[in-house]
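Here's the structure, in structure tokens; my notes come after.
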Amino acid sequence: MRYADGPGADCEVFVGATVERLWALVTDIALPARHSPELQRVAWLDGADGPAPGARFEGYNRRAGMPDWRTVSEVVEVVEHRAFVWAVLDADGRFGAPVTDATGALARWRFELRPEDGGTLVRHSVVLGPGRSGVTRAIDARPEAEEKIVAFRLGELRTGMTATLEGIKSMAESGG
């Protein structure tokens, strides 16, 4: 798949807990940093203290062989007990001109919750682009390998999403 096509990945897990319990977990922006191999820490910006459309938070990331980096994300959709969505922006201009609008996001992340069989189905997904990112930088260097680069990155993201979902499941089912 090509980057311009908006490639994405998703993972899901059934959790033996209520939608309300899971909503509290998936809207805790610090939770993915507890489980992700890449996201290290997050903090709300501009006085925000919870998920609401327009609220922004910064995230600090680390990957082997790369310098650490910061992103700024903007919450773009909140449907209580159903969907929490944010767009990752290149506010610092790491990959080109600074991007402060969600329409030029590096990626769009989503948690969806659906009550099912006495528990909740939790789906975590990401769509890359359309903004420039580390993926586009790698493609610029090796355009003939674009599909492999995109597939590799999606695989890394699936690994992180799976770890996050397993962490959420464990916390929700254990009452942690």
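The values are calculated or read from the model by the stated rules, or taken from the named source; none is laboratory data. As the structure is a computational prediction, the values presented were derived from the model and not from experiment. Note: ideal-geometry Cβ built from the backbone for every residue, glycine included; neighbour counts use all protein chains shown.
Just need a number here: residues in the range 82-105 that are at pLDDT 95 or above and either surrounded by fewer than 17 Cβ atoms within 10 Å (Cβ to Cβ) or closer than 17 Å to residue 138 by Cα (or both).
Adding up the residues that qualify gives 2.
Any idea which of (1) in a strand (DSSP E or B); (2) of a type in the set (A, V, I, L, M); (3) more than 15 Å from residue 59 (Cβ to Cβ) is the one residue 87 doesn't satisfy?
(3)
What are the pairs, 6+ residues apart or on separate chains, where a residue within the range 132-151 that is surrounded by 13 or more Cβ atoms within 10 Å (Cβ to Cβ) has its Cβ under 9 Å from a residue that is among the hydroxyl-bearing types (Ser, Thr, Tyr) and in a helix (DSSP H, G or I)?
133/3; 135/3; 136/3; 139/3; 146/3; 149/3; 150/3
Taking the condition within 23 Å of residue 170 (Cβ to Cβ) and at pLDDT below 95, does residue 118 pass?
Spelling it out, residue 118 is indeed within 23 Å of residue 170 (Cβ to Cβ) and at pLDDT below 95.
Just to verify a result, which residue in the range 1-46, among those that are free of Cβ contacts under 8 Å to residues at least 12 places away in the same chain and not in a loop (DSSP other than H, G, I, E, B), is surrounded by the most Cβ atoms within 10 Å (Cβ to Cβ)?
Kept after step one, since they are free of Cβ contacts under 8 Å to residues at least 12 places away in the same chain, are these residues of the range 1-46: 5, 24, 28, 46.
With the extra rule that they be not in a loop (DSSP other than H, G, I, E, B), the set shrinks to 5, 24.
Values: 5: 11, 24: 15.
Looking at the filtered set, the residue picked out is 24.
Determine whether residue 116 is farther than 20 Å from residue 48 by Cα, in contact with a helix residue (DSSP H, G or I) (Cβ under 8 Å, 6 or more places away or on another chain), surrounded by fewer than 17 Cβ atoms within 10 Å (Cβ to Cβ) and not small (Gly, Ala, Ser).
no
Quick check on this structure: which one of 141, 91, 102 is small (Gly, Ala, Ser) and in contact with a Ser or Thr (Cβ under 7 Å, 6 or more places away or on another chain)?
Only one candidate qualifies: 91.
Just to be sure I understand, how many residues within the range 154-176 are surrounded by fewer than 21 Cβ atoms within 10 Å (Cβ to Cβ) and either assigned to a helix (DSSP H, G or I) or of a type in the set (Ser, Thr, Tyr) (or both)?
Final tally of qualifying residues: 15.
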